[in-house]
Amino acid sequence: MINFEYIRASSVKAAVDALAKNPTGKFIAGGTNLIDLMKRGVTAPTRLIDINDLPLKQVEETTDGINIGALAINSEVSENELIKNNFPLLSMAFAAGASAQLRNMATVGGNMMQRTRCSYFYDTTMPCNKRQPGSGCGALQGHNRMHAIFGASDKCIAVHPSDMCVALAALNATVSISGPKGNRKIPFTDFHRLPEDKPELDNTLQKGEIITGVLIPKNNFNKNHYLKIRDRASYAFALISVAAALEMDVDTIKKVNIAMGGVAHKPWRMTEAEKFLVGKKATRENFSKAAELAMKSAKGYGHNNFKLKMAPIAITESLMIATGIV
Amino acid sequence: MDKNCKNESRRDFLKKSTALAALAAASPALVKAGENDERIAALFEKIPLNLEINGKAYSLTVEPRVTLLDLLREQLHLTGTKKGCDYGQCGACTVHVNGKRINSCLSLAVMNEGKKITTIEGLADGDKLHPMQDAFIKHDGFQCGYCTPGQIMSALACINEGHANSRDEIREFMSGNICRCGAYPNIVDAVLEVKKGGQSS
Ligand SMILES: Cc1cc2nc3c(=O)[nH]c(=O)nc-3n(C[C@H](O)[C@H](O)[C@H](O)COP(=O)(O)OP(=O)(O)OC[C@H]3O[C@@H](n4cnc5c(N)ncnc54)[C@H](O)[C@@H]3O)c2cc1C
Ligand code: FES
Ligand code: FES
């Protein structure tokens, strides 16, 4: 690993200022993604700004929901009673991610900012528009078993690897951001972006900004499930994951939010399927129909064609488990 | 000192630095970023670090890029903690920081200022092994033994976290520790026995 300057920030403002003074610097939180990428030469910041002393570790109830600090630790949020009772979908998604050790290190902000696990992005001898804009996409004609089936471009077919983010997209969370120009809030679903012709940008965070937290609004989702399909039973990234949250009135669906992971450059909300299901009964037939609608814009790239078959089954399955049909 | 002279001395400094090899191996863009940084000398500075490891206080100086794992193994010769992958993928490097299990290969040593670290060397009481160490021996919880220090540190945390209530739960919460020899069933036996004995670290 190339050496770098290391400083510790004591306030959000100090952190933002420290980054402004060194645009080739980066924040470091848990370090579980950044140090990995630095060791492999994928990124080489000249300054690391340690943000672990910032007072952003809270998991607190507010009048309209819950406020989670950007530095809250993944395992602690996952096991927090407020989260387990009111946002079980989020607990399930956390528990499905990485390993117990990594969850003890990873932060909420770091999880949102984690880069793709595309092997062409990791291998610095290979072309990758995300790592080196203009060099091409190795995955497009290459080994793309893990890659996107929704919203990809001919510049990049990488997926966002997070589990937590899929649940937060389904729960209509909001991201709190602080930066040189002040504070702002954006919907979680607008935080990550599609690759289009700028795959080097994973999200809409602007230069010099820091994530300060995530707000999740109260909900009445009484049926939830996070289904994760992977190459081994645990400690592996999702091939496909489905976060399903439903508000049921006996057996009629009053409200439903569904998001998918492992299929796109961002957590993939399935609004058409959601619209279809509102007012319908929770049955396998309705869920399969919704899954069919959700798959309309899907496209395979060869090695990942199996996802075209697996995804609708996963959607149906997750909705069925959530509603207790299976 | 004139401008040339200043540049000269910086180059000399770089030549001497062990980091030169790393810079040379990096992509041209990275080298350029390094050369452009007027304060490059500062980048190679060691910084002070205070830690408590296995109950003993240490005052050290380390380069920022040194991981907690490399500090333990290379600088302090606590080689019980193993390096399997160096990328967070195997769990061989598992240690406890303030009582929580983490992968020491993905933590910079300097990020642990003021913290209490426990490694496999910190478990036994003189010649008397920790009950988890005994249980691994009794149940044949290893073959080559390379993953074992990480397994044992993780197993203790697994019990302390309350995640050792069934074989399935143990398997799930021990999944961050890979064993190439496949000693998994025996590792689960060892964890279950210690859990039932009401032991913790
Ligand atoms: C072997 C392995 C398996 C894994 N498996 C999974 C999995 O199954 N599912 C899953 O979801 N994840 C998985 N992960 C990824 C893990 O969840 C992420 O590495 C972790 O969430 C990153 O958080 P961190 O705090 O460690 O981030 P860091 O590594 O500290 O930072 C990551 C990036 O975020 C930036 N950053 C951090 N905090 C902020 C902030 N507040 N504001 C702005 N920028 C910020 C940093 O500058 C850096 O660029 C795995 C990781 C490993 C190594
Ligand atoms: S050496 Fe740290 S996880 Fe493998
Ligand atoms: S005992 Fe050999 S790797 Fe586990």
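Could you state how much accessible area is buried at the B-A interface, both sides summed, with a 1.4 Å probe, in Å² to the nearest 100?
On the way: alone 11670 and 14740 Å², together 23190 Å².
Approximately 3200 Å², summed over both chains.
In whole Å, what is the distance between the alpha-carbon centres of the range A:200-237 and the range B:43-83?
33 Å
Need one value: the accessible area of A:Glu272 in square angstrom, 1.4 angstrom probe, rounded to the nearest 10.
Roll a 1.4 Å probe over it and A:Glu272 shows about 90 Å².
Averaging over every viewing direction, what projected area does the convex hull of the Cα atoms of the range B:60-113 cover, in nm²?
Values: hull surface 14.0 nm².
Across all orientations, the range B:60-113 yields a mean hull projection of 3.5 nm².
Can you compute the equivalent ellipsoid semi-axes for the protein assembly as shown, i.e. the square root of 5 times each eigenvalue of the Cα gyration tensor, sorted largest first and rounded to whole Å?
Values: eigenvalues 283, 196, 94 Å².
In descending order, the three semi-axes are 38, 31, 22 Å.
In deg cm²/dmol and to the nearest 500, what is the mean residue ellipticity at 222 nm of chain A if only DSSP H runs of at least 4 residues count, each as -39500 (n - 2.57), divided by the residue total?
Details: 12 runs with 95 residues, N = 326.
-8000 deg cm²/dmol, from helical runs alone.
Within the range A:206-240, whose backbone N sits under 19 Å from a point 7 Å along Cα→Cβ of A:Thr271?
Answer for this model: A:217.
Would you work out the Kirkwood radius for the range B:131-197? I mean one over the mean of 1/r across all pairs of different Cα atoms, in Å. Provide the component values of the computation, followed by the final result.
Values: mean 1/r = 0.0885 Å⁻¹.
Radius from the Kirkwood sum: 11.3 Å.
To the nearest 20 Debye, how big is the dipole of the range A:223-323 about its Cα centre, given +1 on the beta carbon of each Lys and Arg and -1 on that of each Asp and Glu? Let's see the in-between values first.
Details: 17 positive and 9 negative charges, 45 e Å.
Here the size comes out at about 220 debye.
Divide, for the range A:1-52, the radius of gyration over alpha carbons by 2.2 N^0.38 Å, where N is the residue count.
Details: Rg = 10.5 Å, N = 52, 2.2 N^0.38 = 9.9 Å.
My calculation over the Cα atoms of the range A:1-52 gives 1.07.
Based on the Cβ-Cβ distance of B:Glu161 and B:Tyr58, what FRET efficiency does E = 1/(1 + (r/R0)^6) give at R0 = 41 Å, to the nearest 0.05?
The value I calculate is 0.95.
Cα centroids of the range A:31-102 and the range A:309-326: how far apart, whole angstrom?
Here the two parts' Cα centres lie 28 Å apart.
Given the protein chains as shown and a 1.4 Å probe, how many square angstrom of A:Lys185 are accessible, to the nearest 10?
130 Å²
Rounded if a/c is under 1.5, else prolate if a/b is larger than b/c, else oblate: which is the range A:200-247, with a ≥ b ≥ c the root eigenvalues of its Cα gyration tensor? Can you show the working numbers first?
Working: a/c = 2.98, a/b = 1.22, b/c = 2.43.
It is oblate, given that a/c is not under 1.5 and a/b is not larger than b/c.
Normalised radius of gyration for the range A:279-326, please: alpha carbon Rg relative to 2.2 N^0.38 Å, two decimal places. Before the final figure, lay out the partial values.
Numbers: Rg = 11.8 Å, N = 48, 2.2 N^0.38 = 9.6 Å.
Cα Rg divided by the expected 2.2 N^0.38 Å: 1.23.
Across peptide A:168-178, how many C-beta atoms of other chains are within 10 Å of each residue C-beta, on average?
Details: counts 0, 0, 0, 0, 0, 0, 0, 0, 0, 0, 0.
For this peptide, the per-residue mean of nearby foreign Cβ atoms is 0.
Taking the range B:46-201 on its own, what percent of its Cα-Cα pair distances exceed 20 Å?
46 percent
Over the range A:6-88, what number does the Rg to Rh ratio reach, with both radii from the alpha-carbon atoms and Rh per Kirkwood?
Working: Rg = 15.4 Å, Rh = 14.4 Å.
With Rg and the Kirkwood Rh in hand, the quotient comes to 1.07.
Any of A:Lys84/B:Lys56; A:Lys223/A:Lys307; A:Lys185/A:Lys218; A:Lys13/A:Lys185; A:Lys218/B:Lys195 with alpha carbons more than 27 Å apart? Name them for me.
Values: A:Lys84/B:Lys56 38 Å; A:Lys223/A:Lys307 25 Å; A:Lys185/A:Lys218 17 Å; A:Lys13/A:Lys185 17 Å; A:Lys218/B:Lys195 38 Å.
Exceeds cut-off: A:Lys84/B:Lys56; A:Lys218/B:Lys195.
Would you tell me the accessible area of B:Cys179, worked out with a 1.4 angstrom probe on the heavy atoms of the protein chains, in Å² to the nearest 10?
Rounded to the nearest 10, the figure is 10 Å².
The values are calculated or read from the model by the stated rules, or taken from the named source; none is laboratory data. The structure presented is a predicted model; accordingly, all values stated were derived computationally and were not measured. Please note: Cβ atoms are built from the backbone with ideal geometry, for glycine as well, and neighbour counts cover all protein chains shown. For the accessible areas, the whole protein counts, side chains as well, though only heavy atoms, and no ligand, DNA or RNA atoms are used. Shrake-Rupley method; radii C 1.70, N 1.55, O 1.52, S 1.80 Å.
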